[in-house]
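Chemist: Encoded as C-alpha cells, here's the structure I'll be asking about.
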Amino acid sequence: MQCILNSTLHKVSWIINLAILVPISLFSTAAEKAKIGYILHGSPFHEMKDNKLSGGLEYEVGTLIAHEAGLEPHFARLPESRLGYFLETGRIQMLCLYNPAWIESPKRFVWSAKLTDQEEYYIIRDDMPDITSHEQLKGKHIATQLGYIHSENTMTLFKGGLARRVDTRSTEALYKMLKEGRVDTIIDNTISYNYLRKNKNISSKIHLASLRDMVFPLSCVLSQKNHQKTKRLLTAINTIKNNGKLSKILMKYHAM
C-alpha cells in the first residue's frame with residue numbers, strides 16, 4: 001500500500017513540475033522585443049496594411065537590424081513632434097533613416113554610423129525651364145512636406161518671403177500638386193522619386209531639375225535607456241554594414 005502511495009505521489013509531483021516547467025521554457029525561448037519607431041511618410045519608406053507597418057525601406061532596415069541583434073522588431077507609429085519624448089523615456093529604442101538636424105538637441109541620444117545618404121532635388125514638369133540655381137526660385141511656389149528642413153539657401157528663401165512654401169503631409173500629394181500646376185516645383189528625395197516613377201506612374205511628364213538642394217546623411221537614432229539593448233543594436237548595425245546585408249536592401253530601393 002505504501003509503495004502504491006509513493007508511486008502515486010511521485011507521478012503527481014512529476015506532472016506538477018512539468019506544468020510549471022513548460023511555460024517557463026516557452027517564455028525563455030521567446031525573442032526579446034526591440035521597439036522601433038517610425039514617422040509615417042508613405043511609399044517607399046512605409047507600406048501599411050490594416051493600419052500597421054508591413055513593408056517599405058524603414059521596415060526592412062529595422063527588421064534586419066533587430067534580427068541581427070537577436071531581437072523581435074515591434075514597430076510603433078510616432079508623431080514627429082513627440083519623437084524626442086519617446087526616445088528619452090525609452091518608449092522606443094530606435095528609429096532609423098534619420099538625421100540629427102531633424103530633431104532638437106540631438107546629442108541627447110545615441111547615433112549609429114551612417115547607413116546611407118538621402119539626396120534631395122528640385123523636381124519640375126517637362127514643360128518648364130531647368131532650375132540650376134536657388135536664385136531662379138525667387139517668386140516661385142515650392143511644395144514640400146510639412147516640417148521638413150531643407151538647405152540653408154532654400155530656407156532663406158522661405159523665411160525671407162522670397163519664395164512661397166506650400167506644405168503637404170504626403171509624398172504623393174507633392175507630385176499631384178506639381179502635375180496639376182498648383183506649384184512651380186517640389187522638393188523630394190531620389191528614393192521616393194524613383195519609386196513613384198516606376199511603381200505609381202506618378203512621375204510621367206516630370207523630371208529632376210539640375211539643382212540638388214541638399215544631401216542628408218541618414219543614421220539610426222537610439223535611446224539612452226536600456227544601454228545593453230542599444231549596444232546590441234549598434235553592434236548589429238555595424239555587422240550588417242560590413243557583411244553586405246544592408247547594401248543589398250538599399251540597392252533595391254535606390255535602383256527602383
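We did not get these values from a lab; they are worked out from the coordinates using the rules stated. Just so you know, these numbers come straight off a predicted model, no measurement behind them. Note that we place each Cβ from the backbone using ideal geometry, even for glycine, and neighbour counts take in every protein chain shown.
Chemist: Taking a ≥ b ≥ c as the square roots of the eigenvalues of the Cα gyration tensor of region 197-256, is the shape rounded (a/c under 1.5), prolate (a/b larger than b/c) or oblate? Intermediate results must be reported in sequence, preceding the final value.
Modeler: Values: a/c = 2.98, a/b = 2.17, b/c = 1.38.
It comes out prolate by the Cα gyration axes.
Chemist: Mean Kyte-Doolittle of at least -0.5 and a Cα length of 15 Å or more along the axis: which whole DSSP H helices of the chain meet both?
Modeler: Numbers: long enough: 2-29 (40 Å, 1.15); 57-68 (17 Å, 0.17); 227-242 (23 Å, -0.85).
Once both thresholds are applied, what remains is 2-29, 57-68.
Chemist: Same structure, new question: Whose amide H sits under 5 Å from the amide H of residue 109, counting only residues 5 or more places off or on another chain, with H placed in the peptide plane?
Modeler: Answer set, sorted by chain and number: none.
Chemist: How big is the C-alpha Rg of region 118-215 next to the rule-of-thumb value 2.2 N^0.38 Å, as a ratio? Write out the running numbers ahead of the final one.
Modeler: Working: Rg = 12.1 Å, N = 98, 2.2 N^0.38 = 12.6 Å.
After normalising by residue count via 2.2 N^0.38 Å, the value is 0.97.
Chemist: Using a Debye calculation, one point per C-alpha and no hydration shell, please list log10 I(q)/I(0) for the chain at q = 0.10 Å⁻¹ in order.
Modeler: Taken in order of the listed q values, log10 I(q)/I(0) reads -0.58.
Chemist: Show me, for region 42-49, the HN-Hα J-couplings you get by feeding each phi into the Karplus relation (A = 6.51, B = -1.76, C = 1.60, θ = phi - 60°), rounded to Hz, glycine and proline as x.
Modeler: Per-residue couplings from phi come out as x, 5, x, 6, 9, 10, 10, 9 Hz.
Chemist: Also, quick follow-up: Where Lys and Arg each count +1 and Asp and Glu each count -1, what net charge lies around residue 122 among other residues with Cβ under 11 Å from its Cβ?
Modeler: Details: positive: 140, 212; negative: 120, 130, 184, 188, 213.
With Lys, Arg at +1 and Asp, Glu at -1, the net is -3.
Chemist: Follow-up. Could you list the trypsin sites (Lys or Arg not before Pro) in region 114-218 that lie in coil according to DSSP, counting only those with at most 11 other Cβ atoms within 10 Å of their Cβ?
Modeler: On the way: sites: 114, 125, 138, 140, 159, 164, 165, 169, 176, 179, 182, 197, 198, 200, 205, 212; in loops: 114, 138, 140, 169, 182, 200, 205.
Passing sites in region 114-218 are 138, 182, 205.
Chemist: Follow-up question, since we're still on this one. Cross-chain or 8 or more residues apart, Cα under 29 Å: how many lysine pairs in region 118-215 fit that? Count them up, please.
Modeler: 18
Chemist: For region 102-114, take each phi angle, set θ = phi - 60°, evaluate the Karplus expression 6.51 cos²θ - 1.76 cosθ + 1.60, and give the result in whole Hz per residue in order, putting x for glycine and proline.
Modeler: Once θ is set to phi - 60°, the couplings for region 102-114 become 8, 9, 5, 6, x, 6, 5, 10, 9, 10, 7, 5, 4 Hz.
Chemist: Pick out, in residue order, every one of the GluC sites (Glu not before Pro) in region 47-112 that is DSSP loop and has at most 10 other C-beta atoms within 10 Å; say none if there are none. Display every interim value, and only then the final one.
Modeler: Details: sites: 47, 58, 60, 68, 80, 88, 104; in loops: 104.
Of the GluC sites (Glu not before Pro), the ones in loops of region 47-112 whose Cβ has at most 10 other Cβ atoms within 10 Å are 104.
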